[in-house]
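**Q** Starting off with a structure, shown below.
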There are 2 protein chains.
Amino acid sequence: MKKKLPRKTVERLSEYRRTLINYLDSGRDYIFSHELADMHNNTAVQVRRDIMLIGYSGVQRRGYKVKELIRAIGKVLDDPRGQNVAIVGVGHLGTAILHYLKGKRPALHLKALFDIDKEKTGREINGIPCYPVEELAARVREHKIGIAILTVPMEVARETTALLVEAGVRGLMNFTTVPLDVPEDVFLEEYDLITSLEKVAYFVRI
Amino acid sequence: MKKKLPRKTVERLSEYRRTLINYLDSGRDYIFSHELADMHNNTAVQVRRDIMLIGYSGVQRRGYKVKELIRAIGKVLDDPRGQNVAIVGVGHLGTAILHYLKGKRPALHLKALFDIDKEKTGREINGIPCYPVEELAARVREHKIGIAILTVPMEVARETTALLVEAGVRGLMNFTTVPLDVPEDVFLEEYDLITSLEKVAYFVRI
């Protein structure tokens with residue numbers, strides 16, 4: 001495996017790709033670094049540096065070829081074998097994420113949902129099997145799930161995390177408000193709505 | 001108005017407060033900077049610097065007094081008059097956020113919901129009035145809403161944003177996948193699930 005890129009670079013590359021995919025829909029084939037920069041509150045220098053980092057050098061007089069750039073970013077970000085994902089907790093947030101993810105990134109395979117509600121388990125929701133949490137460890141192993149999206153109630157966030165890590169999950173997105181402790185080899189990404197909202201609230205005050 | 005703190009500092013202060021509130025529930029009255037640092041993948045020096053920045057100096061031999069520190073952070077982050085918030089788009093994600101926010105931060109008043117679905121509008125959902133989007137401008141002004149949480153379908157993200165800004169909203173949390181353009185005096189916070197997930201996926205690969 002090659003050396004990993006910095007966290008912030010990966011974030012920006014993912015954002016560029018999202019923008020480029022939308023941009024393609026608008027029917028344009030080329031884009032300049034300064035255009036991409038403007039769309040991300042970024043500088044053209046930064047964009048060019050990020051794109052050089054992934055070894056893409058196909059820039060032309062008309063700018064980058066959008067389709068090629070999307071492919072070049074994909075080569076870096078996506079696992080060619082795909083990666084398996086589970087959503088743990090199918091409440092409103094879990095359901096929103098389920099609908100949202102469907103078909104968005106072919107390299108990320110949503111393989112399983114987990115919940116405690118018997119109304120939800122034992123069937124497919126939006127085409128994805130929903131299992132009872134008691135089967136968590138077994139199903140994570142069965143489906144070779146490496147990434148879990150945690151949308152459980154905060155009371156069970158820690159124990160669920162421990163189960164997931166024990167079963168072999170190596171990446172976690174934490175949507176609960178509970179700060180989680182994970183081993184060093186587990187990548188944890190936390191998202192806290194309140195923090196984002198408080199930041200907005202702070203900066204809009206005059 | 002005093003000079004604004006840096007964006008990252010505000011983020012950290014908000015995270016500290018969240019942790020401290022949970023910590024209080026565990027029945028402990030004091031906390032050391034290194035403990036708070038450990039809970040945030042942070043250093044004790046950074047924690048102390050952040051807390052000094054807000055002018056709090058009540059550190060004792062046993063550490064910071066948790067309740068006082070929560071109050072000191074609130075003095076900086078919260079508007080004493082409160083700030084009014086709306087959720088625009090009451091699908092799964094909007095609903096999740098609605099449930100999530102309820103009662104979490106007394107300084108943030110969730111005043112209105114907006115949707116196009118007539119099943120949802122014209123009544124209260126979880127105690128908050130839900131209005132048809134046609135009334136957006138009028139209701140934003142009526143309720144003096146300064147902050148909007150955008151959870152509409154991507155097709156209408158841009159036009160809805162324009163309406164909100166025109167009506168006086170000065171802070172926006174964008175949960176759609178569409179990058180938004182806002183005037184300079186509008187604070188925009190974007191959250192893209194795919195970016196977070198792709199970052200996790202990238203870093204868990206071996």
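**Q** Take the residues of segment B:1-20 that are in a helix (DSSP H, G or I) and surrounded by fewer than 16 Cβ atoms within 10 Å (Cβ to Cβ): which is farthest from the other protein chains (Cβ to nearest Cβ)? Show your work before the answer.
**A** First pass over segment B:1-20, keeping only residues in a helix (DSSP H, G or I): B:7-20.
Checking which are surrounded by fewer than 16 Cβ atoms within 10 Å (Cβ to Cβ) leaves us with B:7-8.
Numbers: B:Arg7: 7, B:Lys8: 10 Å.
Ranking the candidates gives B:Lys8 first.
**Q** I would also like to ask the following. Just to be sure before I move on: is A:Leu93 out of contact with any His (no Cβ under 9 Å at 6 or more places or on another chain), crowded, with 19+ Cβ neighbours inside 10 Å and aliphatic (A, V, I, L, M) in the structure I sent? Give the steps one after another, and end with the answer.
**A** Working: out of contact with any His (no Cβ under 9 Å at 6 or more places or on another chain): no; crowded, with 19+ Cβ neighbours inside 10 Å: yes; aliphatic (A, V, I, L, M): yes.
No.
**Q** Which numbered condition trips up B:Ala138, out of (1) in contact with a Phe, Trp or Tyr (Cβ under 9 Å, 6 or more places away or on another chain); (2) modelled with pLDDT of 95 or more; (3) surrounded by 16 or more Cβ atoms within 10 Å (Cβ to Cβ)?
**A** It fails just one condition, (3).
**Q** Return the pairs, sorted by first residue and then second, in which the second residue is assigned to a helix (DSSP H, G or I) and of a type in the set (S, T, N, Q), the first residue lies in segment A:174-199 and is more than 8 Å from chain B (Cβ to nearest Cβ), the beta carbons are less than 7 Å apart, and the residues are 6+ apart or on different chains.
**A** Once the first residue is more than 8 Å from chain B (Cβ to nearest Cβ) and sits in segment A:174-199, its partners that are assigned to a helix (DSSP H, G or I) and of a type in the set (S, T, N, Q) give A:Leu180/A:Thr161; A:Val182/A:Thr161.
**Q** Restricting attention to segment A:52-76, and to residues there that are modelled with pLDDT under 90 and crowded, with 16+ Cβ neighbours inside 10 Å, which single residue is nearest to A:Asp29 (Cα to Cα)?
**A** So the first thing to find is which residues in segment A:52-76 are modelled with pLDDT under 90, and the list is A:55-62.
Narrowing the set further to residues that are crowded, with 16+ Cβ neighbours inside 10 Å leaves A:56, A:59.
On the way: A:Tyr56: 17, A:Val59: 12 Å.
Per the stated criteria, the residue is A:Val59.
**Q** Would you mention how many residues in segment A:187-198 are at pLDDT 90 or above and either open to solvent by less than 10 Å² (accessible area, probe 1.4 Å) or closer than 19 Å to B:Gly103 by Cα (or both)? Outline the logic, then answer.
**A** If we filter segment A:187-198 for residues that are at pLDDT 90 or above, which is where we start, we get A:187-189, A:197-198.
Checking the rest, the ones that are also either open to solvent by less than 10 Å² (accessible area, probe 1.4 Å) or closer than 19 Å to B:Gly103 by Cα (or both) come to A:197-198.
Here the count works out to 2.
**Q** A follow-up question, please. Of the residues B:Ile125, B:Ile149, which single one is among the aliphatic types (A, V, I, L, M), modelled with pLDDT of 95 or more and surrounded by fewer than 18 Cβ atoms within 10 Å (Cβ to Cβ)? Write out each step before concluding.
**A** Values: B:Ile149 fails: surrounded by fewer than 18 Cβ atoms within 10 Å (Cβ to Cβ).
Just a single option satisfies the conditions, and that option is B:Ile125.
**Q** Check off (1) at the interface with chain A (Cβ under 9 Å from one of its Cβ atoms); (2) within 21 Å of the chain's Cα centre (by Cα); (3) open to solvent by 10 Å² or more (accessible area, probe 1.4 Å) for B:Gly171 and give me the number that stays unchecked.
**A** All conditions pass for B:Gly171, except number (3).
**Q** Hey, can you tell me all the residues within segment A:101-118 that are within 12 Å of another protein chain (Cβ to nearest Cβ), open to solvent by 50 Å² or more (accessible area, probe 1.4 Å) and without any contact (Cβ under 8 Å) to a residue 24 or more places away in the chain?
**A** Across segment A:101-118, the qualifying residues are A:Gly103, A:Lys104.
**Q** I'm checking my understanding of the structure. Among residues of segment A:29-48 that are at pLDDT 90 or above and under 23 Å from the mean Cα position of the chain (by Cα), which one is surrounded by the most Cβ atoms within 10 Å (Cβ to Cβ)? Walk me through how you get there before you give the answer.
**A** Step one: list which residues in segment A:29-48 are at pLDDT 90 or above, which gives A:29-37, A:43-48.
Those left that are additionally under 23 Å from the mean Cα position of the chain (by Cα): A:36-37, A:46-47.
Details: A:Leu36: 26, A:Ala37: 17, A:Gln46: 15, A:Val47: 23.
Per the stated criteria, the residue is A:Leu36.
The values are calculated or read from the model by the stated rules, or taken from the named source; none is laboratory data. Remember, predicted model here, so these are calculated numbers, not experimental data. Neighbour counts run over all protein chains shown; Cβ positions are idealised from the backbone, glycine included. Calculation scope for accessible area: heavy atoms of the full protein, side chains included, ligands and nucleic acids excluded. Shrake-Rupley method; radii C 1.70, N 1.55, O 1.52, S 1.80 Å.
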